[in-house]
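Okay, structure first, notes after.
The values are calculated or read from the model by the stated rules, or taken from the named source; none is laboratory data. These numbers were taken from a predicted model, which means no experiment stands behind them. Reconstructed Cβ throughout: ideal geometry from the backbone, glycine too, with neighbour counts over all protein chains shown. Quick note on the areas: whole protein, heavy atoms, side chains included, nothing else; ligands and nucleic acids left out. Shrake-Rupley method; radii C 1.70, N 1.55, O 1.52, S 1.80 Å.
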Amino acid sequence: MTAPRILQVGFGNFGPAHLAAWRALGLAEQLWVVDPDPAALRRCRELGLPAERLSADLGDFLAGADVVDVLAPTDRHFEVCRRVLAAGKDLFVEKPMTATIEEAEGLQALCTDGQVVQVGFYFRSHPLARRARQEVTGGGLGKIRYISARFHGYKRARADSGVVGNDAVHFIDQANWMLGTLPEAVDAVTRDHFGRGYDDLALIRLFYPGGALAHIEVGCIQPGRWNDNIVPGATQTKEFVVAGGIGAAEIDYQSNELRLHRVRHDLIDGLWRPINDGVQLPHAPVVEPTEVVAAEFQAFLAAVEIRGPTQATIEECGVGMARILAAVHQSAAEGRRIDL
Ligand SMILES: NC(=O)c1ccc[n+]([C@@H]2O[C@H](COP(=O)([O-])OP(=O)(O)OC[C@H]3O[C@@H](n4cnc5c(N)ncnc54)[C@H](O)[C@@H]3O)[C@@H](O)[C@H]2O)c1
C-alpha cells in the first residue's frame, strides 16, 4: 500500500507524542497538522514541520487526507469527527471518543460500512498490559475475581473533562479488555472540589457478568508517586492489578514494572491459607509513550489496509464506553447502583 496522507487535528500537550510516533513509523513526510491556536502551529514549526503543511482550518487539508488523527480537546471531538466521518475518512480519535452518549451515537450513525475507526486506548498497545492480558486470557491467573486500579496525582484540572472522562476511562477500558466483556452495573462517588462542573476525584466500582469486580480510584487532588512522563510538573500513580484464583498480575506503569504472583488459597487444617509459589518479574525494557502510540497507529493502519475491525472499535470503545461513563455520572448524582 502507498503511504497514507495523515492529518493530525490538534497539537496541544499530547501533540508532540503523536508527531513523534508518526515519525517513528517513517511517516512524517506524510503528515499535515490543523490547530486553531497560532502557538500550537509555531510549536509544529519548531519541531520541523514545514509551514505549508500547517493550518488553523480543517477545511484546508481534510479533502486531501487518507486518515485523520484527532486529538483536539474532548469537548471538541464531536464537531471535528463528524466532519471527518462525513468526508468518508478513516479516523483515529483520542479517548474518550466523545463527551456524551448522544455524540457517540451520532458519530456511529455517520459511519459507513468499511469505514475504519479506532479509539485511542493507549494501554491496549502497552507491552505490560498486553503481557498481563496474555496471562488472563491464557488462564494463568485462574478465574478473575477482582481488578484494582489507581490513576491519580497532582496535575492540572483539564478544561475539557473531569478525571472520570480523562483518566478513569483508561482503566475502565483496560478492565473491560482484560475481562473480555463490558460491566453489567456500576456505582460511583465523585467530587468537584474546584466547582468547575467536572469531577476531580472519583471512586468507581464496576460489576461484571460472572461476578468479577473492579475498583478504580482517580483524582488530581491527591499525590502521585512519580513524575508524569507527558505533562511537565505533574505527578502520577498509575497502577493496575488483576487478581484471579491462582495468581495476580500487578502493573506499575510509572516504574515500568510487571509482577506476576503465583498464589492460591488452599483449605488446610480448617483455614484458607495462601500457597505462594513466588513472584515473577518478566523482563520488559523501559516503555516510552512514543513507542506505545506508534504501536496504536500501526494497529490502526493495519486495520485500514484490510478495512477490518480495529483494536478499539467505535461500538465497544466509543459508544459502549460513553454508556459506562454516563452511568458513572448518574450513579454519583443519584447515590445508587446503575444497571447497564
Ligand atoms: N491516550 C492518552 O494517553 C492521552 C493522553 C493525553 C491526552 N489524551 C487525549 O487527547 C486529547 C487532547 O489532549 P491534550 O492534552 O493534547 O489537550 P490540550 O488541551 O493540551 O490540546 C488540545 C489542542 O487542540 C487544539 N484545538 C482546539 N479546538 C480544535 C479544533 N476544533 N480543531 C483542531 N484543534 C483544536 C487546541 O488549540 C490545542 O492545541 C484529549 O481528548 C485527551 O483526552 C489522550
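Quick notes on this one:
- So ALA243, is it in the same structural domain as ILE147 (by TED's automatic domain parsing) and within 17 Å of PHE151 (Cα to Cα): no
- Annotation: of all residues in the stretch 145-161 being over 20 Å from GLY233 (Cβ atoms) and open to solvent by less than 20 Å² (accessible area, probe 1.4 Å), the one that is farthest from the ligand (Cβ to nearest atom) is ILE147.
- Matching entry among LEU71, LEU85 (being touching a helix residue (DSSP H, G or I) at 6+ places or on another chain (Cβ under 8 Å), more than 14 Å from the ligand (Cβ to nearest atom) and within 23 Å of VAL34 (Cα to Cα)): LEU85
Let's see how each residue does on (1) assigned by TED's automatic domain parsing to the domain that holds THR310; (2) outside any helix (DSSP H, G or I):
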residue: GLY88; (1), (2): yes, yes
residue: ALA104; (1), (2): yes, no
residue: VAL136; (1), (2): no, no
residue: LEU141; (1), (2): no, yes
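- Beta carbons closer than 6 Å, at least 6 apart along the sequence or on distinct chains, pair a first residue in the stretch 72-97 that is touching a residue at least 60 places away in the same chain (Cβ under 8 Å) with a second that is more than 10 Å from the ligand (Cβ to nearest atom) and open to solvent by 10 Å² or more (accessible area, probe 1.4 Å) for ASP90/VAL304.
Rundown of residues vs (1) under 30 Å from ASP66 (Cα atoms); (2) assigned to a strand (DSSP E or B); (3) among the β-branched types (Val, Ile, Thr), yes/no style:
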site: PHE240; (1), (2), (3): no, yes, no
site: GLU250; (1), (2), (3): no, yes, no
site: ARG262; (1), (2), (3): no, yes, no
site: ASP266; (1), (2), (3): no, yes, no
site: ASP277; (1), (2), (3): no, yes, no
site: VAL286; (1), (2), (3): no, no, yes
site: VAL292; (1), (2), (3): yes, no, yes
site: ALA299; (1), (2), (3): yes, no, no
site: ALA302; (1), (2), (3): yes, no, no
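- Yes/no for GLU79 being open to solvent by less than 60 Å² (accessible area, probe 1.4 Å) and of a type in the set (Asp, Glu): no
- GLY244 meets the conditions (1) open to solvent by less than 70 Å² (accessible area, probe 1.4 Å); (2) in contact (Cβ under 8 Å) with a residue 12 or more places away in the chain; (3) touching a Pro at 6+ places or on another chain (Cβ under 9 Å) in every case but one. The failed one is (3).
- Test result for ALA312, modelled with pLDDT of 95 or more and either among the β-branched types (Val, Ile, Thr) or outside any loop (DSSP other than H, G, I, E, B) (or both): no
- Applying the condition of being open to solvent by 10 Å² or more (accessible area, probe 1.4 Å), touching a residue at least 60 places away in the same chain (Cβ under 8 Å) and not polar (S, T, N, Q) to the stretch 99-116 and asking which residue is farthest from the ligand (Cβ to nearest atom) yields GLY114.
- Each residue in the stretch 283-298 was checked for being at pLDDT 95 or above and surrounded by fewer than 16 Cβ atoms within 10 Å (Cβ to Cβ), and 1 of them qualify.
- Only one entry in ALA51, ALA56, ALA40, ALA129 is open to solvent by 20 Å² or more (accessible area, probe 1.4 Å) and either within 12 Å of the ligand (Cβ to nearest atom) or closer than 27 Å to PRO183 by Cβ (or both), namely ALA56.
- Residue tally, condition within 19 Å of the chain's Cα centre (by Cα), of a type in the set (D, E, K, R) and not in a strand (DSSP E or B), over the stretch 90-102: 1
- Among the candidates ILE216, ILE221, ILE204, residue that is touching an Asp or Glu at 6+ places or on another chain (Cβ under 6 Å) and surrounded by 15 or more Cβ atoms within 10 Å (Cβ to Cβ): ILE221
- Residue within the stretch 328-337 that is open to solvent by less than 20 Å² (accessible area, probe 1.4 Å) and not polar (S, T, N, Q) present: yes
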